[in-house]
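Okay, structure first, notes after.
No lab work stands behind these numbers, since they all come straight from the coordinates. Since this is a predicted model, take the numbers as computed values, not measurements. Don't worry about glycine lacking a Cβ; one is built from the backbone with ideal geometry, like all the others, and counts go over all protein chains shown.
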Amino acid sequence: MSLARTPVESGTSPRRLLLLSIPAIVVGIVAALILWSLEQVAGLLEGVLWDTLPDALGVDPNGWWIVLVLTLTGLAVGICLRYLPGHGGPDSATTELVSPPLRLRVLPGLAVVTILALAGGVSLGPENPIIAINVALVVAVFARLLPQVPAQISILLAASATVGALFGTPVAAALLFTGIVAAAKGGGSLWDRLFLPVAAAGAGAITMHLLGAPPLSFDVPEYGSPQAIDLLTGSLVACGAVVIGLAALAAFPIVYRALHALRHPILIPLAGGFVLGILGLIGGPITLFKGLEQIGELLQDPGQYDGTQLAVIAGIKILALVVAASALFRGGRIFPATFIGVALGMLGHVLIPGIPLGLAVACGVLGVVLVVARDGWLALFLAVAIPDDITLLPVLCLIVLPAWLLVSRAPEFRIIPAESAPTTSGEAAAR
């Protein structure tokens, strides 16, 4: 289900909005709790795999252990995809951020393979699977308890709540779903249509903050006043990041076809996990996992990385993202894309010393997220949120223009399967 085609109710009375805001807030809280629970379980398993076991066995977790863990993660995911009911849901490489609700029987398997990927160090984030889980649950509950609420509204509330929880602010959801309400037909003001999604997203964001989730912002020197030269240097970094992102986009279907030539749902993630292990061994632990904590590592002391190191880190992470997305692992691409953008922005700062670090990082994030998410609002939001500097917004609103022109004609960063192509491991049963 394309975001731009999701119907949104319009012309709703203030009384109805007020009444519906109560379940919307509940949806936000529940969506955040489900996300938090999934990440807590993944964090516990991650601690066992990367701390407890290496310590108990007396091995270095930064050496061959990376290859072993990621290979076994691929094997475990493959076994789950083959034998669990629903086969882990649709392949994340083929799905949009918000897709039609899954059958409830699919959700346990999807949660298991997502936890395995997050804990095992796979370069994917939780966004696609957790949105799918929350959407399916909310649609099912609303269909039973509030049948008068259209399924499309249930989907919008669940997705908005989860996006708010993922990014720790309702602003991301409001920006992302503006395209939906702009495309919807009928009367009513824009904020009438955004009222319930923002309520759900705000409740999700606040719940995650109360649960102690780390904020989506990092300590970067403040940008200050815009300079004319910043438009040029920032555009160079952003457009360079777009070009690199487009190269990854071109490689995506090639890698996908190569891995899927194995045709077996156990062999594909097993081979993908082994390749990810080799890449992790080369790039080091900083190139593993979804990338949010690793962004903090990069920005903690930017001066310790030279241009070659940053190029290697970004290159390894790009390859890891493409391989992980191609190898039947369930997960989203926005968080690793943000990490890649930070690394490329830092590389731009090294290559163009005159550009402020915060602007360079913002432009790198802007360029890569534009390619991966194909959404200018989300790219601008993350570009400002990562350095946590609102003074960047005016110059970024101009820099995004040439970057978007490079992206506008490119295909989506996902695999669109042929109608006649056979599904792997019974994926059709999950739809």
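Here is how the numbers come out for the structure above:
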item: Amide H contacts under 5 Å for G125, placed H, 5+ residues apart; result: G332, R333, I334, F335
item: Assigned charges on the beta-carbon of Lys, Arg, Asp, Glu; the chain dipole about Cα centre (debye); result: 1660
item: Charge dipole of the chain about the Cα centre (unit charges at C-beta), most positive-ward option of Q227, L298, I115; result: I115
item: Paramagnetic reach from T308 in segment 336-376 [backbone N under 19 Å; point 7 Å along Cα→Cβ]; result: 344, 346-352
item: In Hz, Karplus ³J(HN,Hα) per residue of segment 203-214 (6.51, -1.76, 1.60; θ = phi - 60°; x = Gly, Pro); result: 5, x, 5, 5, 4, 5, 5, 5, 7, x, 5, x
item: Mean Cβ neighbour count within 10 Å, used as a protection proxy, ranking 138-148, 398-408 highest first; result: 398-408, 138-148
